[in-house]
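Peer 1: Structure provided below as structure tokens; questions to follow.
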Amino acid sequence: MTSMTITELFSEAARLEAQGDTAAAISLYESWVALHPADPHLHAALFNYAVVEGRAGNKYGAINTLRHAIQLKPDFQPAYINLGRLLEDVGRGGDAVAQWTALVNQMGTVNGEGIKHKLMALQQMGRVLENGHIDGPAEDALRMSLEINPQQPEVAQHWIALRQRQCKWPAVEATEFIPKTALYANISPLSTAVMLDDPVFQLARAAAYAKQSIPLPTRAAPDYQSRQGPRPQKLKIGYVSSDLREHAVGFGLSELMELHDRERYEIHAYYCGINREDATKERIRNSVDHWADINGMSDDAAAQRIRDDGIDILIDVNGFTRDARTAVFARRPAPIQVNWYGFPGTMGTPYHNYIIADPYVLPEENEIFFSEKVVRVPCYQPNDRKRKVSDQTPDRAFENLPAEGFVFCCLNGTQKITDTIFEAWMRILAGVPGSCLWLLDSIPTTNDRLRAFAAARGIDPERLRFAPKRPNPQHLARYRLAGLFLDTFPYGAHTTASDAMWMGIPVLTMEGRTFAARVCGGLVTAAGLPDMVTPDLASYVATAIAIGNNPDLAEGLRNRLEQNRATSVLFDTRKLAQSLEALYDGMWADFAGGRLPVPDLRNLDLYHEVGIRIHSAGEAFGVADYQRHLAAINSHAPIWPDNRLWQRPAAETVEMAKHRKPPAPATIPAAPDVAWLKRA
């Protein structure tokens, strides 16, 4: 032991760990440290010792060991990173941030290693602060990281999302060291949907994000040809989601899971969400045939579990949302894979075969903006008709609402609020004297920012009221205090709209072009109020003012909702279950007949390039605008045709492929006859 060098120590400890004898590795480190107090590399030994302790579950011992390493060598940067992570793991987030701050502040040397560790520290600070809803400092930490290296996709995504959540407009804001092009090249698909009513960029960005964030497996995909044949007596349907719990998605799915025909379908649920029990999670678990928690599994292990279960059709109920397991789908654990409900848009991947929509949210003319084959049910959103609602309606004072006056509400998350829609709300308040706007509570600085925005537009900040978070039964009951729900744009209300209408509160929305911008219009139409879908912002404002000033109009809308509730398509969950099952049968027939759709991803890299260029410059983003940019590219580097914006007659395409000639400029199809928004 006394003659063992530090290199030999590391090698022997790694060998012991590889054999599964972690206790022996810990004992080896403990002995070596005790016998080599003056070794110049003692800090490195302590660092590795702490890593092994942490892996063994002794986090407090590892914390003390790392502190010893830092005392010996205060400029040993990796120790600060790991110490912060361990402190976070034991619930000391503030102390963790303090460690990373100390590391950032001591870094005067500019070299590769120093920059790497500074970026790591800033990223860890931003992550912990964001999770703790300390949004301003989190944003600052991530901005500092981006100013050092703007080509950090995950950092850019979180920075933009933080700005959206804080209502800091514009959310995509360049600095001297962060160009807009880098931000648009890395924005998440979810943030894209929140900010832009641009279905072309939504598709292109989804495809780029998937390619960037979810590498394709190196192994060949499974061959399911042997399973092609007659429909099994029971189709095995798997639902993968992190939200099968007290979450908007879980609330919506609860009754649907209970209504599947168990004579013809075997239902599996694969849970990948937070490790916490609640009534909704228990209800869903009890309603399915098989439940598996895949949280602790690697992507390979989770995919193998699904494959071993013999799943026929696998439903992605996350899409590009938090805690998604998209990489599991990339491994193709089922012969048929479907995008539904969790993410309002296309996935843009080669491994999602279908997207489930409805005729309103995804009309036929919009199918070119989706990589998946589009299949439809009457209304794509599930609803729980058994949802628990408190019997007691709170009074206005309890909810901090004024005693009198019309109450407009929008209980969407603040990340969905844009400057354009907020300005429209201020015009509505100005047009309805004595009214107030009831918003979902956020952190104090965001609430204050919205109040200041109102004051700058001549609206008394006290006319903005904020609804604190409450358990869902009480949250639903308080909707009765509102007169009209004002939707956000372009990412509209989803479950919040259905909740409001279930409680008899009419919803006013505006029709858009992306999936996210059409969901609410589809829900309102399915509830029997198609006249509450407005074509543009001016109509939206005028309609809200008319309803706010006319109590009879508001009451008439409430009565229509009450009368329609038992028969409307929106709340016919049994019909949705039957419609989904019919789609599943059709998907199996496609697969069995060798007709399984293959996603078309041609030229999406060019669409992405053009979209970045357009949005960075603040240009208009209609179909014709994309085609104009594509034509310019084609004049320099001919573009092979696709079935979207860059088409050519079929015969010419066949001839060109036969002779492998460089493509001539494609015929630019006429843009759809729709009014495309131009960004301010």
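Peer 1: If you look at just the Cα atoms of region 397-449, how large are its Rg and its Dmax in Å?
Peer 2: Looking at region 397-449, its Cα Rg and Dmax stand at 11.6, 31 Å.
Peer 1: Roughly how far apart, in whole Å, are the Cα centres of region 32-94 and region 632-648?
Peer 2: 57 Å
Peer 1: Report, to two decimal places, the Cα Rg of region 603-642 normalised by 2.2 N^0.38 Å (N = number of residues).
Peer 2: Taking the Cα Rg and dividing by 2.2 N^0.38 Å, one obtains 1.09.
Peer 1: How big is the dipole moment of the chain about its Cα centre under a simple scheme where the beta carbon of each Lys and Arg is +1, that of each Asp and Glu is -1, and everything else is neutral? Debye, nearest 20, please.
Peer 2: The dipole of the chain has a size of about 440 debye.
Peer 1: Could you check what % of the DSSP bridge pairs in the chain are antiparallel, to the nearest 5?
Peer 2: So the antiparallel bridges amount to about 0 percent of the total.
Peer 1: Any idea which of 539, 133, 28 is furthest toward the positive side of the dipole for the chain, if Lys and Arg beta-carbons carry +1 and Asp and Glu beta-carbons -1?
Peer 2: Sorting the options by dipole projection puts first 539.
Peer 1: Could you give the radius of gyration (one decimal) and Dmax (whole number) of the Cα atoms in region 69-161, in Å?
Peer 2: 12.7, 40
Peer 1: On full extension of the chain, what length is gained from residue 98 through residue 400, given 0.36 nm per residue of separation minus the C-alpha to C-alpha distance?
Peer 2: Extending this stretch completely gives an extra 105.0 nm.
Peer 1: Give or take rounding to whole Å, what are the principal axis extents of the alpha carbon atoms in region 487-593, in descending order?
Peer 2: The principal-axis extents, from largest down, are 58, 30, 18 Å.
Peer 1: Under a Cβ-only charge scheme (Lys and Arg +1, Asp and Glu -1), can you give me the dipole magnitude of region 80-216 about the Cα centre, in debye to the nearest 20?
Peer 2: On the way: 12 positive and 14 negative charges, 37 e Å.
Once rounded to the nearest 20, the dipole reads 180 debye.
Peer 1: Continuing with this model, one more query. Suppose we keep just the alpha-carbon trace of region 369-478; what are its Rg and Dmax in angstrom?
Peer 2: 17.3, 52
Peer 1: Working from the pairwise distances between different alpha carbons, so that the mean of 1/r is found and then inverted, what is the chain's Kirkwood radius in Å?
Peer 2: Over the chain, the inverse of the mean reciprocal pair distance is 27.8 Å.
Peer 1: Given the C-alpha centroids of region 195-266 and region 514-578, what is the distance between them in whole angstrom?
Peer 2: 29 Å
Peer 1: Shape verdict for region 140-189, please, from the Cα gyration tensor: rounded (a/c under 1.5), prolate (a/b greater than b/c) or oblate. Spell out each step's value before the answer.
Peer 2: Numbers: a/c = 1.40, a/b = 1.28, b/c = 1.09.
Rounded, since a/c falls under 1.5.
Peer 1: Compute the helix-to-body angle for 59-72: its Cα long axis versus the longest principal axis of the chain, expressed 0 to 90° and rounded to tens.
Peer 2: So the helix axis and the longest Cα principal axis differ by about 60 degrees.
Peer 1: When the helix-only estimate is applied to the chain (DSSP H runs of n ≥ 4, each -39,500 (n - 2.57), divided by the residue count), what is the mean residue ellipticity at 222 nm, nearest 500 deg cm²/dmol?
Peer 2: -15000 deg cm²/dmol
Peer 1: Per q in 0.20, 0.23 Å⁻¹, report the Debye log10 I(q)/I(0) for region 475-549, using one uniform scatterer on each alpha carbon and no solvent.
Peer 2: Log10 I(q)/I(0), no solvent term: -0.78, -1.02.
Peer 1: Report, to the nearest 10°, how far helix 537-548 tilts away from the longest principal axis of the Cα atoms in the chain, using its own Cα long axis and a range of 0 to 90°.
Peer 2: 70 degrees
Peer 1: One quarter of the convex hull surface, Cα atoms only: what value does that give for region 290-447 in nm²?
Peer 2: Values: hull surface 57.5 nm².
Result: 14.4 nm².
Peer 1: Over all alpha-carbon pairs of region 205-245, lay out the pair-distance distribution in 5 Å bins, whole %, shortest bin first.
Peer 2: 5, 13, 11, 15, 20, 18, 13, 5
Peer 1: Looking at 187, 301, 230, which one has the Cα that reaches farthest to the positive end of the dipole of region 159-312 (charges on Cβ: Lys, Arg +1; Asp, Glu -1)?
Peer 2: 187
Peer 1: Given a 1.4 Å probe, how much area per residue of region 61-197 is accessible, in Å²? Spell out each step's value before the answer.
Peer 2: On the way: 5560 Å² over 137 residues.
Spelled out: the 1.4 Å probe surface of region 61-197, per residue, equals 41 Å².
Peer 1: Projected onto the charge dipole of region 471-626 (+1 at Lys/Arg Cβ, -1 at Asp/Glu Cβ, origin at the Cα centre), which of 617, 500, 476 gives the Cα projection farthest towards the positive end?
Peer 2: 476
Peer 1: Roughly how large, in nm² to one decimal, is the mean projection of the convex hull of the alpha-carbon atoms in region 1-77?
Peer 2: Details: hull surface 18.9 nm².
Computed as one quarter of the Cα hull surface, the answer is 4.7 nm².
Peer 1: Using only the alpha carbons of region 235-369, what is the convex hull's orientation-averaged projected area in square nanometres?
Peer 2: For region 235-369, the mean projected area of the Cα convex hull comes to 8.1 nm².
Peer 1: Working from the pairwise distances between different alpha carbons, so that the mean of 1/r is found and then inverted, what is region 559-648's Kirkwood radius in Å?
Peer 2: Here the Kirkwood hydrodynamic radius works out to 17.5 Å.
Peer 1: Based on the Kirkwood radius over alpha-carbon pairs, what is the Stokes-Einstein translational diffusion coefficient of region 124-247 at 20 °C with 1.002 mPa s viscosity, in µm²/s?
Peer 2: Rounded to a whole number, D works out at 124 µm²/s.
Peer 1: Treating only the Cβ of Lys, Arg, Asp and Glu as charged (+1, +1, -1, -1), what charge dipole size does region 173-227 show about its Cα centre? Round to the nearest 20 debye.
Peer 2: Roughly 340 debye for region 173-227.
Peer 1: Expressed as an acute angle from 0 to 90° and rounded to the nearest 10, what is the orientation of the C-alpha long axis of helix 551-564 relative to the principal long axis of the chain?
Peer 2: 80 degrees
Peer 1: Tell me the Kirkwood hydrodynamic radius of region 425-493 in angstroms, computed as one over the mean inverse distance between distinct C-alpha pairs.
Peer 2: Radius from the Kirkwood sum: 13.2 Å.
The values are calculated or read from the model by the stated rules, or taken from the named source; none is laboratory data. On a predicted model such as this, the values are computed, not experimentally measured, just so you know. All Cβ positions, even for glycine, are placed from backbone atoms using ideal geometry, and neighbour counts span all protein chains on display. Ligands, DNA and RNA are excluded from the accessible area calculation, which covers all protein heavy atoms including side chains. Shrake-Rupley method; radii C 1.70, N 1.55, O 1.52, S 1.80 Å.
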